[in-house]
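The values are calculated or read from the model by the stated rules, or taken from the named source; none is laboratory data. Not measured: the values here are computed from a predicted model. Neighbour counts run over all protein chains shown; Cβ positions are idealised from the backbone, glycine included.
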Amino acid sequence: MTTALPEWFYPGPSGGWTADMLDHLPPDAPKHVELIDGSLIFRPPQTGFHMLTVSLLTDRTLGMNTPPDLVVAREMTVTLGLQQRPEPDVLLVKRSALTLSVTSFKPEDVHLVVEVVSDESRERDRTTKPTKYANAGIKHFWRVEGEEDAKPVVYTFELEPAVRAYVPTGIHRKHLQADIGFPVDIDLDLDTFIG
């Protein structure tokens, strides 16, 4: 069954959508909308794997134990340019940047972005978004994929500033231990997490 797009969506503004337009979408717009290259991307319903992985990474006890100047955020956008406003699954941002009215972060306020890969987002999460995050100068990027047994595998990357590209720093199964300016130590067993 095909559902028609709402009138406000089609054909879209001349020249494409811009980052500031996302704050003014109508109330019937989907809750989570990204802007990639001037095009709106609507996120489909998430899987249990996706939800549990994001919840684990953002959990105050089991996830990242951040220093006082950083805070973990989830499912908020980062404005990378006029027509670029992706929505990472998890972000680590400067505490000073998180206000009650903020709808999108600036790249200079973001320390880490995490994308949990799903079938529909695979190409964007592996190629498109990391390139855009690196070009914007975001220092750390993690990509989380599910193996056949639905166990998370975390691929960690750090920005090489001279070329504005991410270099791999590790592949983590079962346990994530990394240093991103502070030590990270996370048990990746989703079964233990949900108890």
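Applying the condition of being within 14 Å of the chain's Cα centre (by Cα) and small (Gly, Ala, Ser) to the range 67-105 and asking which residue is farthest from Thr18 (Cα to Cα) yields Ala73. Could you look through the range 80-109, keep only residues that are out of contact with any strand residue (DSSP E or B) (no Cβ under 6 Å at 6 or more places or on another chain) and without any contact (Cβ under 8 Å) to a residue 24 or more places away in the chain, and pick out the one that is nearest to Asp69 (Cα to Cα)? Within the range 80-109, the match that is nearest to Asp69 (Cα to Cα) is Thr99.
Lys129: crowded, with 19+ Cβ neighbours inside 10 Å, charged (D, E, K, R) and at negative phi, yes or no? When the stated conditions are applied, Lys129 passes them. Every condition in (1) modelled with pLDDT of 95 or more; (2) surrounded by 13 or more Cβ atoms within 10 Å (Cβ to Cβ) is met by Pro183 except one, and the failing one is (2).
Return the residue satisfying two criteria in turn: it lies in the range 145-195 and is within 18 Å of the chain's Cα centre (by Cα) and among the charged types (D, E, K, R), and of such residues it is nearest to Val72 (Cα to Cα). So the residue we want is Glu158. All of (1) aliphatic (A, V, I, L, M); (2) in contact (Cβ under 8 Å) with a residue 40 or more places away in the chain; (3) in contact with an Asp or Glu (Cβ under 7 Å, 6 or more places away or on another chain) hold for Val153 with one exception: (2).
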